[in-house]
1. Which count do you get for residues in the stretch 49-64 that are exposed (fewer than 15 other Cβ atoms within 10 Å of the Cβ) and at pLDDT below 85?
2. Evaluate the stretch 318-329: report whether one residue or more is surrounded by fewer than 23 Cβ atoms within 10 Å (Cβ to Cβ), in contact with a strand residue (DSSP E or B) (Cβ under 9 Å, 6 or more places away or on another chain) and not in a loop (DSSP other than H, G, I, E, B).
3. Looking at the structure I just gave you, is residue 511 at pLDDT 95 or above, more than 22 Å from residue 463 (Cβ to Cβ), within 32 Å of the chain's Cα centre (by Cα) and not assigned by TED's automatic domain parsing to the domain that holds residue 249?
4. Is it true that residue 172 is in the same structural domain as residue 70 (by TED's automatic domain parsing), at pLDDT 90 or above and more than 12 Å from the chain's Cα centre (by Cα)?
5. If the requirement is being in contact with a helix residue (DSSP H, G or I) (Cβ under 8 Å, 6 or more places away or on another chain), on the phi > 0 side of the Ramachandran plot and either surrounded by fewer than 22 Cβ atoms within 10 Å (Cβ to Cβ) or modelled with pLDDT of 95 or more (or both), which of these qualifies: 240, 227?
6. Going by the structure shown, is residue 588 in contact with a helix residue (DSSP H, G or I) (Cβ under 7 Å, 6 or more places away or on another chain), outside the structural domain of residue 532 (by TED's automatic domain parsing) and either in a helix (DSSP H, G or I) or closer than 25 Å to residue 123 by Cα (or both)?
7. Using the structure shown, decide if residue 129 is over 16 Å from residue 191 (Cβ atoms) and either out of contact with any helix residue (DSSP H, G or I) (no Cβ under 7 Å at 6 or more places or on another chain) or buried (at least 21 other Cβ atoms within 10 Å of the Cβ) (or both).
8. Can you confirm whether residue 139 is over 23 Å from residue 313 (Cβ atoms) and crowded, with 24+ Cβ neighbours inside 10 Å?
């Protein structure tokens, strides 16, 4: 290809034409050294047809011949094409744990090549260790993006910033397309995508495709001092290696994404190894020889409140999810009340408070929608959230919520117009818009729950999420309705007891769904191991008193709601009970939703004592060490 470009350039020179700058730039995609060492060169001669997951290694076969031979990747707008005969075959890393000395040269080379700041590292080295003196052992693990066969980051990203290329099988991400939601960092089990809270966008390992085009291995491989890292066509066993394993201690379940990395680890390790970071997880060797994560009670069994730690950078999502579910539930009840015979609720339509109530619903929904966009690293790019409707639950949720808001706005508009016109056609349009809003709200809530059904975050990956989200529709929806319906009933001297009973039934249904889900979740986690059980351990200890407070408020709310629903109460008693029920419900659900975000422990790679260690990051922020940029810890800006 380079010879062809030279010939074209020479012909242009002969006829006196001004050659395009790209022809000169295309000489080299990556500047190579005059004498590259053999260990830095790609040298695969043969490859298998399929990997161990049954996926074809020849990626042109997968694309049914749609990609022509010699297609340029336009790296840095350079049209040159590499001459590697294995260019269209899936490549991957090989890590020999026996050889890694933990020098972090791979990290440094990667960051230097990509110009990463101190708080971002596409490749990181972590450790697991175990045993007793004198037979105490440590195993180092170097990990970057594994360019998986089933890249969950690609499917999850709402902006379609990810692409899996036929060239080398690289999963590449475009930071300029990303709007900084960070969802890819949730779904990836390997902590490969890196969210920069300062830049407000994600970036990750790009397999050094510019080096591959020049026949060179990635920078991290070339820099490895201990000959621990290697790279080539996947399933090929590197020289002087005897194993191509899919797992080593500390590596998440490969079935989640089918990662393109292979391992060698011949040195024996203790049957139980621990992480050096603060994660309450360790790894136990099973009868099949595989290490699996189990709970490590690093924090002891002391039970605490830790109210301050309930606050996290996901606070906007706590407010967004609770408020959206409350508005959806309240609107659905108002719209459906005339059709299901709830006259005590339906009478609000004839009140002067009807349109103002709908306007407040819209204002709340608009406010939390704006809050959710401000949570993005690049808020002005929010419209890109609809780009991946084919795969991303985040895109589908955004569309569902947007359609709900549009339907609610249409219903409000036509109801307002009908006050003055009283036309049948306008009422028909109002009903159609309201029905559209209710259906869209259900669709939006379904995909809102799907966002959190993530294999890489076992604490979330349970049916409790759907009972919680749909239950909140009823419980907080009833509280929101009570703010408008009860004052109207008091002013109109209507039967407040009947209205409060209806709202109490609605709240009871929501709280019961929440309680059933939480009971099933706790029962499941008590019999499980791994990161999900570790989250439950933290919930029962670090936040133990807060957890019990939430459960107590939930139980008391259920009893109170049931009592209000079945007992004949005076007007004063009904109103008082509804106020108490509302306060209990809001407090319990607010604590519960904050715990939902704070407790989750991902199935990520082990960190080091300082690096990739959440405990150290919090300590650095507390004592001011984070103010030194070289420490690699930044404030919670996202």
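The values are calculated or read from the model by the stated rules, or taken from the named source; none is laboratory data. It should be emphasised that the depicted structure is a prediction, and the values quoted were computed from it without experimental measurement. Cβ sites come from the backbone with ideal geometry, for glycine too, and all protein chains shown count toward neighbours.
1. 3
2. No.
3. Spelling it out, it is not the case that residue 511 is at pLDDT 95 or above, more than 22 Å from residue 463 (Cβ to Cβ), within 32 Å of the chain's Cα centre (by Cα) and not assigned by TED's automatic domain parsing to the domain that holds residue 249.
4. Answer is yes for this residue.
5. 227
6. For residue 588, the condition - in contact with a helix residue (DSSP H, G or I) (Cβ under 7 Å, 6 or more places away or on another chain), outside the structural domain of residue 532 (by TED's automatic domain parsing) and either in a helix (DSSP H, G or I) or closer than 25 Å to residue 123 by Cα (or both) - is not met.
7. yes
8. No; evaluated as a whole, the condition is false for this residue.
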